[in-house]
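Only one structure is covered here, and it is reproduced in the block below.
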Amino acid sequence: MSLQKNKRLFLFAGYDPRGIIDDALVYYIRSLARLGDVFLVMDSDCDDGQMKKIRPHVKYAAAARHGEYDFGSYKRAYTAARDAGILGEYDFVYMVNDSVYGPLRDLGPVLAEMESMQTDAFGIVCNPKPSHPHIQSWFIGMRPAVFMSKWFAEFILSVKKLESKGLITRMYEHRFSALVREHQMCWSCLWTVRNRGVYNRVKQLYRRGMPFMKKVAFSRHNGALGRQISYVMRHIPVAARDAILSGARQTFGDEYVQRLLTRNPAKILIRNLRHCVRKLFGEEI
């Protein structure tokens with residue numbers, strides 16, 4: 001049985017170095033708003049004209065550069081919800097960010113499947129690295145045992161600006177999953193993806209039901225993932241495709257996206273050869 005809309009709260013972390021809220025982000029937020037309440041915090045200086053694009057779809061929105069990455073935005077969205085006295089009204093709180101394009105398919109069944117796992121925390125993708133298995137931080141869900149706990153409040157409020165993205169990953173993304181277990185709780189994910197598979201196996205993961213695609217797939221390997229991305233674009237709903245391609249063109253440029261999604265065999269071969277040369281010799285043709 002699906003939950004009522006107001007039973008989910010999404011703490012959404014957004015970022016754009018230009019301060020732009022593009023069509024892909026609007027599409028993502030609008031999709032979430034159909035399934036719950038959205039508190040958006042942008043780690044960007046967005047002007048009022050940009051914020052107007054998403055205000056109809058969110059319960060709270062703020063935009064100012066803070067440099068604390070996604071967990072800094074999660075912290076600010078959590079604090080706003082806590083100070084409003086509404087956290088206790090929700091059955092599930094999610095921390096999600098805009099490092100992905102999507103949803104590529106109906107997100108409702110995906111949320112229902114995660115919420116049926118009966119674990120205290122859950123996510124879309126698990127990185128199973130033996131030294132620190134963890135939920136990837138771009139989509140994490142929690143039950144009240146986690147998001148209403150003292151330890152979670154202490155953890156999320158301790159987030160601060162750190163020197164490197166690697167340190168942020170260790171201190172916050174890895175640490176969250178470890179803390180769940182340290183407090184005799186459990187977590188699980190829908191997919192387990194090793195190493196950099198979530199970036200590189202775009203087509204395979206989509207065919208397995210993955211509802212998102214990492215944005216960085218567009219720029220990885222000198223565009224060598226273009227054929228996989230093109231496959232996904234041809235199979236998703238028109239509204240999703242139009243929004244994603246509009247956002248990608250703003251981020252990567254019209255010419256680049258056109259080259260990336262070409263179906264010309266000769267151009268694909270040349271692109272892949274260039275990637276192989278760079279990988280082997282560290283240089284471009």
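Exactly one residue out of TYR60, TYR94, TYR69 is buried (at least 23 other Cβ atoms within 10 Å of the Cβ), under 27 Å from ARG18 (Cβ atoms) and either among the β-branched types (Val, Ile, Thr) or out of contact with any His (no Cβ under 6 Å at 6 or more places or on another chain) (or both): that is TYR94.
For the range 58-73, a tally of residues being in contact with an Asp or Glu (Cβ under 9 Å, 6 or more places away or on another chain) and farther than 18 Å from ARG34 by Cβ returns 11. Restricting attention to the range 198-217, which residues are at pLDDT 95 or above, among the aromatic types (Phe, Trp, Tyr) and closer than 18 Å to PHE252 by Cβ? Hit for the range 198-217 is PHE212, nothing else.
When restricted to residues that are part of a strand (DSSP E or B) and of a type outside the set (S, T, N, Q), the range 97-124 contains 6. Which numbered condition trips up SER188, out of (1) at pLDDT below 95; (2) hydroxyl-bearing (Ser, Thr, Tyr); (3) outside any helix (DSSP H, G or I); (4) closer than 27 Å to PRO133 by Cβ? All conditions pass for SER188, except number (1). Quick check, is ASP22 in contact (Cβ under 8 Å) with a residue 12 or more places away in the chain and either closer than 24 Å to PHE252 by Cα or not polar (S, T, N, Q) (or both)? Against the criterion (in contact (Cβ under 8 Å) with a residue 12 or more places away in the chain and either closer than 24 Å to PHE252 by Cα or not polar (S, T, N, Q) (or both)), ASP22 qualifies.
Selection of the range 7-33 for residues being out of contact with any Leu (no Cβ under 9 Å at 6 or more places or on another chain), in a helix (DSSP H, G or I) and among the β-branched types (Val, Ile, Thr) yields only VAL26. Consider the range 73-88 and keep the residues that are of a type outside the set (Asp, Glu) and over 14 Å from MET142 (Cβ atoms). The one that is surrounded by the most Cβ atoms within 10 Å (Cβ to Cβ) is SER73.
Under the condition of being of a type outside the set (A, V, I, L, M, F, W, C), loosely packed, with under 15 Cβ neighbours inside 10 Å and in contact with a strand residue (DSSP E or B) (Cβ under 9 Å, 6 or more places away or on another chain), the residues counted in the range 170-220 number 6.
The values are calculated or read from the model by the stated rules, or taken from the named source; none is laboratory data. What you are looking at is a predicted structure, and each value in this text was computed from that prediction instead of being measured. Backbone-built Cβ (ideal geometry, glycine too); neighbour counts: all protein chains shown.
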